[in-house]
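Please read the structure below before turning to the comments.
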Amino acid sequence: MAFVNWNDSYSVSINQIDEQHKKLFTIINNLFDAMKQGKGNVVLGKVFKELEEYTRLHFATEENLMKIHNYPKFTRHKMEHERLVQQVKDLSNQFQNGSAALSIKVSNFLKEWLINHIRKSDMEYSAYFRKINVI
């Protein structure tokens with residue numbers, strides 16, 4: 001059973017973004033599965049790195065769309081992205097340096113952040129794009 005499951009209530013009605021969100025769900029599930037199975041640091045480190053890299057790609061995609069369509073809350077949204085990227089990077093570094101163990105707490109943080117970010121911030125730009133007839 002997956003740690004976090006995608007459902008249509010997370011859809012922002014932009015296929016590219018929805019597919020990227022699904023990929024982030026998969027990466028978080030992979031991280032949780034590797035942790036649960038007691039996989040070695042190398043495997044967990046690779047999953048963390050994938051999460052960090054894919055998160056940056058996804059955020060760049062969203063931010064590009066926001067800039068193109070003059071999204072009025074762009075700066076605030078970008079700051080949320082920057083905070084999460086830094087938090088993931090910090091967690092990854094702590095884990096790689098042996099100063100932090102992966103735990104349910106870390107997995108729950110990532111899951112809750114992603115779900116809350118989609119349901120609140122991402123739905124705001126989705127509504128704005130609908131209002132200006134982009135989607």
Tell me, Kirkwood radius of the range 56-134 from alpha-carbon pair distances, in Å? 13.9 Å
For residue 131, put the label point 7 Å out on the Cα→Cβ axis and report which residues of the range 74-109 keep their amide N under 14 Å from it. 74
With a cut-off of 8 Å between alpha carbons and a minimum separation of six or more residues, what is the relative contact order of the chain in percent? 32 percent
How long are the three semi-axes of the equivalent ellipsoid for the range 19-68, computed from the Cα gyration tensor as the root of 5 times each eigenvalue, in whole Å, largest first? 27, 10, 5
Which percent of Cα-Cα pairs in the chain sits in each 5 Å bin, short to long? 2, 10, 20, 23, 18, 12, 8, 4, 2, 0
Need one number: nm distance between label points at residue 49 and residue 36, each 7 Å from Cα along Cα→Cβ, rounded to one decimal. 2.5 nm
Run down the lysines and flag those whose C-alpha is under 28 Å from the C-alpha of residue 73, throwing out any fewer than 8 positions away in its chain. 22, 23, 89, 111, 120, 131
Treat the count of other C-beta atoms within 10 Å as a stand-in for reagent exposure and order 109, 129, 32 from fewest to most. 109, 129, 32
Using Cβ contacts closer than 10 Å as the measure, can you line up 66, 123 from fewest to most? 123, 66
Helical mean residue ellipticity (222 nm; -39500 (n - 2.57) per DSSP H run of 4+; nearest 500) of the chain: -24500 deg cm²/dmol
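Bear in mind that the values in this text are calculations on the coordinates, not laboratory data. Predicted, not measured: the structure shown is a model, and the values here were computed from it. Don't worry about glycine lacking a Cβ; one is built from the backbone with ideal geometry, like all the others, and counts go over all protein chains shown.
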